[in-house]
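See structure below.
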Amino acid sequence: MPWIFYNSSGQQLRNTGTVLATQAEMETGTALTSFVTPGRTQYHPGVAKALAGVESDGTALSGNYNISATSTSATGKYTVTLDTDMSSTGYQVVSQVFEGHDTSNPRKCKIQALATGSFGIRAFTEGTSLVDVATLSAVFGDQ
């Protein structure tokens, strides 16, 4: 059975050739005439491939996506393990401290040890001392 698409006014859109975007079209993000199904959006470079919330004790916050495990190995050192590996270590992680705002000694975090199936987070104070705080991270790149 073919797909039927409608615009915001409820009018049926006509099929003029390519109907569904391929994985390759999603990865390049250049096709303007292909439709995207929910199962293909994950291939677009602008879509987060994982969301990780890590409590200060290393346990996972609720609402994580594509995360199989979180852990801590020492004060301020966390590891996040992905359910589905990234295709290479050339991906990006955006991370921020979720708690512990202290204007006299702000907390920061940085990403370390990118591997295809995991990444490390280091949380520290302005004075560079490692500290336990909750963090939030989003992963972007190719799987």
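Can you tell me the length gained on complete extension of the stretch Glu27 to Ser73, counting 0.36 nm per residue apart and subtracting the Cα distance? Each step should come with its number before you reach the end.
Values: separation 46, 0.36 × 46 = 16.56 nm, distance 3.51 nm.
My answer for the length gained is 13.1 nm.
Listed highest first by mean packing, meaning other Cβ atoms within 10 Å per residue, what order do 105-116, 67-78 come in?
Details: 105-116: 15.2, 67-78: 16.9.
Final packing ranking: 67-78, 105-116.
Assigning unit charges at the beta carbon (Lys, Arg +1; Asp, Glu -1) and nothing else, what dipole magnitude in debye, to the nearest 20, does the chain show about its Cα centre?
Details: 8 positive and 11 negative charges, 56 e Å.
With Lys and Arg at +1 and Asp and Glu at -1, about 260 debye.
Determine the gain in length on full extension of the stretch Thr37-Leu20; use 0.36 nm per residue of separation and subtract their C-alpha separation, reporting nm with one decimal.
Working: separation 17, 0.36 × 17 = 6.12 nm, distance 0.73 nm.
Result for the pair: 5.4 nm of gain on full extension.
Sequence gap at least 6, Cα distance under 8 Å: using those rules, report the relative contact order of region 26-132 to the nearest whole percent. Let's see the in-between values first.
Details: 179 pairs, mean separation 20.6, N = 107.
About 19 percent, as a whole number.
Return the aspartates and glutamates within reach of Lys110: Cα separation strictly under 14 angstrom, same-chain partners fewer than 8 residues apart disregarded; answer none if there are no such residues.
Glu126, Asp132
State log₁₀ I(q)/I(0) for the chain at q = 0.10 Å⁻¹ as given by the Debye formula over alpha-carbon point scatterers of equal weight, solvent excluded.
-0.46
Every number in this text was worked out from the coordinates using simple rules, so none of it is lab data. Keep in mind that this is a model prediction, so the values were computed, not measured. Quick reminder, even Gly has a Cβ in these numbers, built from the backbone with ideal geometry, and neighbours come from all protein chains shown.
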